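A.B. asks: Right, I'll just put the structure down here and ask away after.
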Amino acid sequence: MMRQTLRLQTAASLKTALKHAPTKTSTVALAAISHSLRLQAQAIREYSTPSAPSASPTSTPTGSSNTQPKYRQFHTSDIQNQAREVPGFPILDDPLVQNHSIPSFMVGTQNGFLPRQDPLDVLPKEYEALEELLQKMPLTLKDGSKGLLALGQFGEACKSLPQYDLSNVEDSELLSALYRDYTFVASAYLLEPCDILYRKTGDYGLGRSVLPKNIAVPLVQVAEKIGAKPFMEYALSYALYNYRRIDKSKGLVWGNLELIRPFSGDPSELGFIISHVTMVSNSGELVKNTMKTLDAAGKHNREAFNEGLAKVVSTYEKINQEMDTMWQRSLPADYLKFRTFIMGTKNQPMFPKGVIYEGVSEEPMFHRGESGANDSMVPMGDNLLQLTESMPSNPLTAVLKDFRTYRPHNHAEFLEFVEEKARQNQVRNFAEQDPNSAAIFLAAVDQIRNFRNRHWSFTKEYIIKYTKHPVATGGSPIVTWLPNQLATVLRTMQEVGAKIDERALLPENKALVDVLTKRADAQARVLDREVAQLRTEIKDQDKV
Ligand code: HEM
C-alpha cells in the first residue's frame with residue numbers, strides 16, 4: 001500500500017495523501033428507488049412543460065407571496081441534451097451562454113452557482129425610465145455628486161416611473177435583469193426613510209409599509225416568471241447578478257469587476273459584493289467534486305472517494321482564502337453605510353406589519369432580506385458532509401431551512417438532491433469506516449468551520465461593534481443564529497475526531513487530526529463564552 005500523508009491545510013499534500021487507500025466493503029445499503037432519478041425526471045418535466053399565461057398587471061391580484069410563486073415553465077430540450085448524467089441531477093457542463101430560454105441560474109461545472117451568462121448590465125431602451133431612475137438612485141453617484149437617496153428624493157422620483165407591463169417578456173436574461181432592477185427599486189423605496197434616520201440618529205425607525213403599484217405589479221410579474229419571491233435576493237439580485245467585467249476577455253477576478261447597481265456607491269460596497277462573486281467563481285469546481293464524492297460513496301470506491309473529497313477540501317481552501325481578502329476590500333467601518341438597503345421585511349422591527357404590495361394583494365407580505373446565507377456553497381458542503389441533519393432541532397435551525405428557499409429554484413433543487421444523495425450513500429459513515437478517509441472528512445468539515453468562524457468574526461467586526469440592532473439583514477438574531485451552526489460544526493469535528501483510530505494513521509495524519517480536533521475543542525469553549533456575553537448586550541436574541 002502506498003504511504004498516505006495528510007498535512008494540515010495543504011491541498012497539494014491532501015491530494016497526494018489519498019491514493020490507494022484499501023477498499024473496505026461498506027455496510028451501506030443502497031435504497032432501491034433512486035430519489036435522484038425522480039428528481040431529475042421532475043426537473044426535466046418542469047423545464048419542458050409549456051408556460052401558463054401570466055397575469056396582466058392590471059388584472060386579477062396575484063396573491064400573497066408567502067406561498068412561493070409557481071416556477072416559470074421554460075421550454076427547453078437543451079437540458080436533456082446537454083446536461084451531464086451525473087447521475088441524478090442535470091448539471092450543465094456547458095453554461096449555454098447563447099440560450100435565453102432556460103433560467104439564468106442553472107448549476108454547472110463551469111459557472112457553478114453563478115449565472116450562465118454575465119448579467120445583463122443595461123436595460124433595453126424600452127425600459128429607459130427604469131434604467132435612468134436606477135442610475136440616479138445611489139447615495140453617491142459615479143461623478144461624486146449626491147444621488148436621489150442621499151437627497152431623500154427617491155420615493156418622490158418613483159412616482160414618475162411608468163407601470164411597465166412585463167407579461168410578454170420571455171427572454172431569461174432580460175427577466176433576470178428586470179427582476180434585479182425592480183428589487184433594487186423596491187428596497188430603495190421601502191428603506192429610504194430608515195437610511196435617512198439611521199444616518200442622523202443611528203436608529204432605523206420605520207420603513208414605508210406600502211409598495212406602490214407601478215413598482216409592485218411588475219416586480220411580482222417578473223418574480224413569478226423566474227420563480228422567485230418578489231423581494232431582493234442574494235443570488236438573483238444584489239450579489240450574483242450584479243457584476244460587470246471591465247475587460248470582457250479577462251476572468252471574474254478582483255480588479256476586473258465593477259458593480260451594475262450600487263446602493264451607496266461606496267468602494268466598500270463594491271468590495272463587499274465582488275468578494276462574494278470571486279468566491280463563487282470557484283463553485284463550478286466545488287460542484288464537480290461534490291458530485292464525484294457522492295458518486296464514489298455510492299459505489300464504495302474508496303480511492304475515488306478520497307480523491308473527490310480531497311478536491312472538495314482544496315476548493316474550499318481557495319474559497320476561504322478569497323474570503324479573507326474581504327478585510328481589505330470592504331472596510332468594517334463602512335459596512336453599515338450600505339447595509340440598510342439590504343434589510344428584509346420579515347422579522348425586522350422596521351416592518352412590524354410587513355409590506356402591502358399595491359395592485360397585487362391586500363395581505364401584507366414578509367420577506368427575509370438579502371444575505372450570504374442564501375449562497376449555495378456552504379449549504380452544499382453542509383449537505384454533502386451531512387452537517388444539515390446534525391443541526392439541532394430548534395427555531396434557529398428552522399431559520400436556516402427557511403433561508404434555503406431564498407435562492408434560484410434550480411439551486412434549491414440541487415441542494416435538496418445533494419442532501420438526499422449524501423444520506424442515501426451515507427457519506428459520513430463511509431468516511432468513518434477508514435481512518436484516512438475520516439481524516440479527509442475531518443479536513444473538509446474543518447473548511448466549513450474555517451468559513452463559519454471567519455464569518456462570525458466578520459459579524460462581530462463589521463456589525464456588532466457598531467450597532468445593537470438585534471437582527472441581521474436576513475432577519476436572523478445577530479448573536480445566536482450563526483453560532484447555532486458553527487457550534488454544530490465544532491461538535492461534529494469533535495465527534496469525528498474521537499472516532500478515528502489514530503493507530504491506523506501515519507504520524508503526519510495523526511498530527512493533522514490532533515490539531516483539528518484540539519482547535520475545535522478550544523473554539524467551542526470560546527464560542528460559548530462569547531455568545532453568553534453578547535446575549536447580555538443585545539436584546540431579543542431568542543426571537544426568530
Ligand atoms: C463583511 C462581510 C460579511 C458580513 C458582515 C456578513 C454577515 C452575515 C450575517 C449577519 C449573517 C446572518 C444571516 C442573516 O443575514 O440574517 C450571514 C450569513 C451568511 N453569510 Fe455572510 N457576511 C459577510 C460576508 C459573507 C461572504 C463573503 C459570504 C460568502 C458567500 C457569506 C456567506 C454567508 C453564509 C453562507 C451565511 C449563512 C451562515 C450559516 O449557514 O451558518 N457572507 N452573513
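A.B. asks: Amide H of residue 257: which non-local residues (sequence gap of 5 or more, or other chain) have their own amide H closer than 5 Å, using H built in the peptide plane?
C.D. replies: 246
A.B. asks: What area, in nm² and to one decimal, does the C-alpha convex hull of the stretch 258-306 cast on average over all directions?
C.D. replies: In nm², the orientation-averaged hull projection of the stretch 258-306 is 4.5.
A.B. asks: In the stretch 441-480, what chymotrypsin sites (Phe, Trp or Tyr not before Pro) fall in a loop by DSSP, with at most 15 other Cβ atoms inside 10 Å?
C.D. replies: For chymotrypsin sites (Phe, Trp or Tyr not before Pro) across the stretch 441-480 that sit outside H, G, I, E and B with at most 15 neighbouring Cβ atoms in 10 Å, the list reads 466.
A.B. asks: If each residue of separation counts as 0.36 nm, what is the full-extension length gain between residue 333 and residue 151 once their alpha-carbon separation is subtracted?
C.D. replies: Separation in residues times 0.36 nm, less the Cα-Cα distance, equals 63.3 nm.
A.B. asks: With the cut-off at 19 Å, tell me which of the pairs 346/543; 346/401; 353/465; 318/499; 229/337 have Cα atoms farther apart than that.
C.D. replies: Cα-Cα > 19 Å for 353/465; 318/499; 229/337; rest within.
A.B. asks: Looking at the stretch 455-501, which trypsin sites (Lys or Arg not before Pro) are DSSP coil and have at most 15 other C-beta atoms within 10 Å of their C-beta?
C.D. replies: 465, 468
A.B. asks: Sticking with this structure for a sec: Taking the Cα-to-Cβ direction at residue 491 and at residue 524 and moving 7 Å from each Cα, how far apart do the two end points lie in nm?
C.D. replies: With each label placed 7 Å out from Cα toward Cβ, I get 0.9 nm.
A.B. asks: Then there's this: Please calculate how many Å² of accessible area the stretch 134-264 carries per residue, with a 1.4 Å probe and no DNA, RNA or ligand atoms counted.
C.D. replies: Ligands and nucleic acids excluded, the figure is 36 Å² per residue.
A.B. asks: Hey, another quick one. If you keep only loop residues by DSSP, which trypsin sites (Lys or Arg not before Pro) in the stretch 131-195 have at most 12 other Cβ atoms within 10 Å of their Cβ?
C.D. replies: Listed in order of number, the matching sites are 142, 159.
A.B. asks: Let me ask you something else. Quick one: check the C-alpha center-to-center distance for the stretch 356-429 versus the stretch 236-282, whole angstrom.
C.D. replies: 24 Å
A.B. asks: Order the peptides 317-328, 190-201, 476-487 from the highest to the lowest mean number of other Cβ atoms within 10 Å of their residues.
C.D. replies: 476-487, 190-201, 317-328
A.B. asks: Once Rh is set to the Kirkwood radius over Cα pairs, what Stokes-Einstein translational diffusion coefficient, in µm²/s, holds for the stretch 292-402 at a temperature of 4 °C and a viscosity of 1.567 mPa s?
C.D. replies: 73 µm²/s
The values are calculated or read from the model by the stated rules, or taken from the named source; none is laboratory data. Please read these numbers as outputs of a predicted model, since none were measured by experiment. Note that each Cβ is placed from the backbone with ideal geometry, even for glycine, and that neighbours are counted across all protein chains shown. Only protein heavy atoms, including side chains, enter the accessible area calculation; ligands, DNA and RNA are left aside. Shrake-Rupley method; radii C 1.70, N 1.55, O 1.52, S 1.80 Å.
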